[in-house]
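Read-outs: derived from the displayed coordinates by stated rules, not from any lab. All values reported here derive from a predicted model rather than from experimental measurement.
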Amino acid sequence: MSLTFKVSEAHAVNLRFCFESWVPKQLKNGGLPNKLLIIRMTIDKNVLLSLLKCTKTGPVGRRLLVKVSKVPAEAAEMALSKFAQMSLFEQYGGIIEASPSQRVKISIRAIQLGADFQQICSLLSWAEFEDIAAQTLETNNHRVMRNFHFRNKTKKREIDIIGLKKPIVLCVDCKHWRHGWQSAASSKAVEAQIERTEAFAETLPNYAKRIKLEAWHTATLIPVILSLLPGPEKFHKKVPVVPILQLQDFIKSVPLELDLLLHIDQKLTIQPTKLTDLA
């Protein structure tokens, strides 16, 4: 028991009595080890949710975070100490701060412990999700353009993130699904991203100067779907569906696995810019 919970057996027994009045009645029928496991998971989940809530707008005092968690102070402090060792947040004195990437790790950990997916997504902003993707691409020597608007024929379109590293152009659609992963949703997202990427490839020569591709002779465009969690399938129509925490590994694998991915090769003979194309 002490190995599992990293506390002595005597302390574990004390925890049992400490939380008897706090644990829901339906959890009180099992034996001590199972009950303690459920207690510890519930405590961790509640503290993680409090971390997400309290750090959403910036740094927060540790005491306030413990209070918001609605968990006995001693147990909340134990959980926070564990999460600090896992580098889920930074602490300066009594102030706790979590970066966007840390908040994503907190979110995934909370979901693994049974937190509601929709609630997690409500606490994790779309901008944070895109920030992490952009930072990961930049760390891997990609030039990044965010929320890129372009016109193909008469239709205006937008790509969430474009990652450029000669000759690769990653066209990333960040999917921050609030209702969880479903096969139909992922398939629809992939098909829409293929259409956007094809449209962008068709008009890319007109935008080559704007996005500083004058030195490129050709570009290889790859549609990518980025998600919070792994989905029901890793690929759909050869388009990768990449969990955010696996993005760095995916980026490194692209040159080696290009033939396995849907990609569009586009020559970049720069065309005279038309005002209607850039509107």
Any lysines with Cα under 26 Å of the Lys45 Cα? List them, leaving off those in the same chain fewer than 8 positions away.
-> Lys6, Lys25, Lys28, Lys35, Lys53, Lys56, Lys67, Lys70, Lys82, Lys105, Lys175
Interchain or long-range residues, amide H under 5 Å from Val239's placed H | Leu262
For region 91-199, using Cα atoms only, the Rg and Dmax in Å read 16.5, 57
Vicinal HN-Hα couplings computed from phi for region 157-169 (Karplus, 6.51 cos²θ - 1.76 cosθ + 1.60; Hz; Gly/Pro x) | 9, 9, 10, 4, 9, 10, x, 10, 8, 2, x, 8, 10
Can you tell me how much longer the chain between Lys82 and Thr218 gets when fully stretched, taken as 0.36 nm per residue apart minus their C-alpha distance, in nm with one decimal?
-> 44.0 nm
If the convex hull is drawn through the Cα atoms of region 127-278, its volume per residue in Å³ | 106
How much length is gained if the chain between Lys188 and Arg63 is pulled fully straight, taking 0.36 nm per residue apart and subtracting their Cα-Cα distance, in nm to one decimal?
-> 40.5 nm
How would you classify region 120-159 from its alpha-carbon gyration tensor, with a ≥ b ≥ c the square roots of the eigenvalues: rounded for a/c under 1.5, else prolate if a/b is greater than b/c, otherwise oblate?
-> oblate
Name the lysines eligible as straight-distance cross-link partners of Lys155: C-alpha to C-alpha under 20 Å, and not fewer than 8 places from it in the same chain.
-> Lys188, Lys274
Whole-Hz Karplus couplings 3J(HN,Hα) for region 203-211, θ = phi - 60° and coefficients 6.51, -1.76, 1.60, Gly and Pro as x, run 9, 4, x, 6, 10, 4, 5, 4, 9
Quick one: what are the phi-derived ³J(HN,Hα) couplings along region 88-103, Karplus 6.51/-1.76/1.60 with θ = phi - 60°, whole Hz, x for glycine and proline?
-> 7, 7, 10, 10, 10, x, x, 10, 10, 9, 10, 6, x, 5, 5, 5
